[in-house]
1. Within the range 485-518, whose backbone N sits under 16 Å from a point 7 Å along Cα→Cβ of residue 441?
2. Can you list residues whose amide H is under 5 Å from residue 263's amide H, if they're 5+ apart or on another chain and H is modeled 1.01 Å from N?
3. How do 402-410, 167-175 rank on mean C-beta neighbours within 10 Å, highest first?
4. Which is farthest toward the positive dipole end of the range 258-340 among 271, 283, 330, measuring Cα position about the Cα centre, with Cβ charges +1 (Lys, Arg) and -1 (Asp, Glu)?
5. State whether the range 396-474 is rounded, prolate or oblate according to the following rule on the C-alpha gyration tensor (a ≥ b ≥ c being the square roots of its eigenvalues): a/c under 1.5 gives rounded; otherwise a/b larger than b/c gives prolate, and the remaining case gives oblate.
6. Would you give the gap between the C-alpha center of the range 388-419 and the C-alpha center of the range 422-496, rounded to a whole Å?
7. Place a +1 charge on the Cβ of each Lys and Arg in the range 186-313 and a -1 charge on the Cβ of each Asp and Glu, then give the dipole magnitude about the Cα centre in debye, rounded to the nearest 20.
8. Filter 420/441; 187/437; 185/315; 288/409 down to the pairs with a C-alpha to C-alpha distance above 24 Å, please.
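Read-outs throughout are calculated quantities, based only on the coordinates presented, and are distinct from any laboratory measurement. Remember, it's a predicted structure, so these values are computed and weren't measured experimentally. Glycine gets a Cβ as well: all are built from the backbone with ideal geometry, and neighbour counts include every protein chain shown.
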Amino acid sequence: MKRSEQKPSPKCEGSKSNGPNRKQDAQENKRRPASAKSKPETKKTHEPSTSKQEKQPVECEKKKSPAQTANKKQADKCEKEKSSSTPVEKKHTDKNEKQKPAAKKSDKKQTEKSEKQKFPVTSLDRKYTDKSEKQKPPFKTLDKKPTDKCVKEKSQSTSLDKETAKDTAPVNTILKERLSGHQDKCKLSMEEVSPAARAINSFINEFIKELKEISSLNWSSFKSGSYYDKTKNCHPDEFDIMFYPILSVEVNFDDMKIPGFYKVKMVSPRVPELEHVLDKDRYILPDKFKKYVFGLFDRVLGPDGIRQGRRTKRKPTLNPCSPAYTVYYYAFPGKSPIDIDLVPSFYIDGWPPGKIARKINPSWISIDDVVNKAMISYDVVCKTCPEGGADKDLLFRLSFSRTEKMLVKHANSADKLNFKKNAFRFIKLCVQDLKDKHPRKVKKFCSYHIKQFMFTQYDTWPTRESEEVRIQRCLIGELIKTLSLETPTILNYIIINDNVIRYVPSDEIAVIVKGLQEKVKLLH
């Protein structure tokens, strides 16, 4: 090599192998492991390195002088390879590490070799790595800051399993007998059940038969309520029956302003009997539909209607928002009448979108296919929406009575203690006692609200053996805490963001809380 070619290239004057930096280089080489001195990092972030590109930096690093490069262009390549440790390039390298394409098969062996020979992290590397970490954008925390105040406050509720485990209060014979006495009070008399069931079945069959004779629609019925899911207390004196015409309708879920309330459109071809209950866009007017069907019910139970109609008396309508036509049915002479709620509705195949209704998967039901069958359909009923809005007169209320019936009916299927239904019935009995004691103050809080609360508690039901007394008092304690929140909240088990007690007055909830606090003392 000629002497003139040994003159350092201007491009390499700032490299660490020149001038006074040569001593610093030597000191760093002493501190580095032998493997690090012999071979530098050959990994390239922008694109897979060729064997020729990887060889040159190694040779340049060994000789520690850019003067031995072949020409100015080669020196530039060397400088480019070395400059990757600068702060600017380091930041760029960190960014591109995530976007680096997979290595080709031909480079796989060389890549694995270079990975083993990586330099140890120096203090300089840590400095810039820490700096780049600080500059990363923070993760989104939307999930940690719920906008819904009700959801935020509901999170204060604890697992029933954990609460029961923390309950160390003694359980003695007196407490067990006290709870057993309340459970006996809940039991239905079998002497009453069978006659009542036969009477109601006969009533429904005759009712449907007459309804089809006075209407051109094809009507069907569904039995819901506590009697049919086996959580009825004391007497078989209340029944809920849904009546619906077999028609094709669809729910418009575009408007999500009020959870659980949506517009319903008639999809079936022209239905002359119901044309007067539709608006110009063929949306069904719930109030008109309810009044029309109530008129049909009047005819079925009138003097020219079914035989059982002569033993019925319509209950005065105290709540115009209610979707039910309620009658007292005097099935047995000399005994109290049976309270029957007749509810006009529409049956809908399928399940609402996930943003409207969650897909349930309760671990407390062990019977195969029960949950799948519970999510094949739902209904809409003519419950008046208590909130204002532009389309308030078009809103129906979603009803999951079919689903809830199956869930409650099989609630004990995975429960070794066989206590879920009894716990539900005990709380219902406590609230009913408060209604009987304060009939003017406790009006809106009902068994439907307790049912939604219980579904949530079933999800965290104790998995270990425990006394029924301990479980029951923890349940009532959880209900008291839930109702004592700044915004009392019982979330619907199926409908998203639906606080089912948002329309219950605060003074009524205060009476219930105080009453439950007295009830729970009986179990301590």
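1. 505-518
2. 252, 396
3. Working: 402-410: 20.1, 167-175: 11.7.
Per-residue Cβ counts within 10 Å, averaged per peptide and sorted highest first, yield 402-410, 167-175.
4. Working it through, the farthest residue towards the positive pole turns out to be 330.
5. Values: a/c = 2.66, a/b = 1.28, b/c = 2.09.
The shape class here is oblate.
6. 15 Å
7. Details: 21 positive and 19 negative charges, 28 e Å.
Dipole of the range 186-313, to the nearest 20 debye: 140 debye.
8. Details: 420/441 29 Å; 187/437 21 Å; 185/315 27 Å; 288/409 34 Å.
420/441; 185/315; 288/409, as the Cα separations exceed 24 Å there.
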